[in-house]
1. Restricting to Cα pairs below 8 Å that are 6+ residues apart, what does the relative contact order work out to for the chain? Please round to a whole percent.
2. Between S356 and M27, what is 0.36 nm times their sequence separation minus the Cα-Cα distance? Round to one decimal in nm.
3. Enter the accessible area per residue of the chain (Å², integer; probe 1.4 Å; all protein chains in place).
4. Select from the chain the helices, each a whole stretch of DSSP H, whose alpha-carbon atoms run 27 Å or more along the helix axis and whose Kyte-Doolittle mean is at least 0.5; answer none if there are none.
5. Using a 7 Å offset from the Cα along the Cα-to-Cβ direction at both L424 and S404, what is the distance between the two label points in nm, to one decimal?
6. Please work out how much length the chain gains when fully extended from K146 to K322, using 0.36 nm per residue of separation minus the C-alpha to C-alpha distance, in nm with one decimal.
7. For K25, K74, give me the order by solvent-accessible area with a 1.4 Å probe, most accessible first, ignoring ligands, DNA and RNA.
8. If R0 is 25 Å, what FRET efficiency do you get for E189 and H314 from their C-beta distance, rounded to 0.05?
Amino acid sequence: MTIESKLFNLCIDESPPRNEPLIAKYMRSFAFPVLSKLSPFNISKTGSYLSANKNVILQKYGAEAENDITSILKKLDTLIADILSNTPFRELNSDNIDVKIWNKVLDDFSDEDGNRPTWVYTNWLYTECYIHRRLFEAFETSTLLKNYDPFFEQKMKALTCCEDATDILGKFLVKYFNKKDVQLKDLREDVPKIIKCSLWGNRCDLSQTGGDAIAQTESPLDLVDSLQPLMLADESSKVVDFLFASLNEPNDNKILDIILDNAGYELFTDLCLADYLMTYKFVNTVRFHGKAIPWFVSDVTIQDFTATINCVAHTSRSETLKELGKRWEAYFKSGQWIFESEQFWTLPFNFDKMRSLDNDLYSKLSQSFLIIFKGDLNYRKLVGDIFWEPTVPFTQAVGSFKPSKLLALRTLKSDITCGLAEGLAENISKNDPDWLKFGKYAVIHVDGF
């Protein structure tokens, strides 16, 4: 029996039960192919990248780094084998400040006899996050490559390969920003377009491709119109009404929090949205929340954030993009834009646990004028990673997590969805069985409006 067939034999050829957290043992859930195929593939690609770039790494970190590379590759191979053989989870072994929390979670998921959770039978959100935390552990327990991000160059390539599209959006914005008299009716027409540029940027997700860049070459603004039929829920009008009503209310402390997802092209669109809302006084401050460690292949770290702004401002072929990037540098230097990387975002918890587990972060977000959540994993954490009936309202699915007004921008890459019209999910699935994968469809959901 092969390792792969052993994993298959442990699972059930059924859909997961509704209104329960996802578990990978159900083969008709997206969790099973991610566990059995995509995660091992991404881990293997990480090792392949490390091997292919060995000489570059040794030039930067010294010949002693070769021992680290050898050790990391062995740990990545072990991780793949652990997954495919359904080996019980083990404690994390590093001096990182989050390890006590992870090992406490491991104890909590172990049974009374001390049997530890396994990949197939455990809450999928915990399992998937544990995979990526173990991947980072392989690097952080090395000697010279503790802070090495194996995905950094792929993330930057995901930005530069999209320069045609970024230039189109950049020219639109810079032309807009240079107008002396912008009418409110024009703003009202264009705000939802900029929001949806950020939304559809979420399709460019390296965790779906093993780190291979997804080139965005079409005009982002034209795509917004052409992709509108693929919007399964669109509550953007509530956000637009709220933003314009706020212009009549004096408030010099309108903080926008953006919970980021992917670096590359998506981050560029997020920065464009933040700049637009700043320029026209919808908000005064933007706090970008990224990841403290490399996470889910392409999630934004501080290294990605600063490198992206620097790339746009100084190495773009387009003078328009350079102008845009220098605006962003100025926001960052003035303190109007802030990057934060709280530990909570790389822990295996739903957001409704935030208030009890990280009250400081919850209190910080309660100061917010508006909180934007980007992407699939943030959406899953918002709604508890539960396989809801598709018609369950989003406001119900987010449970007790209500620090401020919430805006979720998400392209669908997993089974989790809610807030859809009666019969919509059933009708789409008849014609498009893979509708919940690959980011083809999207939703904009809100809470607190």
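The values are calculated or read from the model by the stated rules, or taken from the named source; none is laboratory data. Since we're looking at a predicted model, the values are computed, not measured. Here the Cβ positions follow ideal geometry from the backbone for every residue, glycine too, while neighbour counts run over all protein chains shown. The area values use the complete protein model at the heavy-atom level, side chains included, leaving out ligands, DNA and RNA. Shrake-Rupley method; radii C 1.70, N 1.55, O 1.52, S 1.80 Å.
1. Values: 750 pairs, mean separation 76.0, N = 449.
Across the chain, relative contact order equals 17 percent.
2. Details: separation 329, 0.36 × 329 = 118.44 nm, distance 3.35 nm.
Separation in residues times 0.36 nm, less the Cα-Cα distance, equals 115.1 nm.
3. Numbers: 18580 Å² over 449 residues.
Ligands and nucleic acids excluded, the figure is 41 Å² per residue.
4. Working: long enough: 65-84 (29 Å, 0.46).
The answer is none, since no helix passes both cut-offs.
5. A separation of 2.7 nm, rounded to one decimal place.
6. Details: separation 176, 0.36 × 176 = 63.36 nm, distance 3.28 nm.
In short, 60.1 nm is gained.
7. Working: K25 50, K74 135 Å².
Reading off the accessible areas and sorting them downward yields K74, K25.
8. Details: r = 33 Å, r/R0 = 1.32.
Approximately 0.15, to the nearest 0.05.
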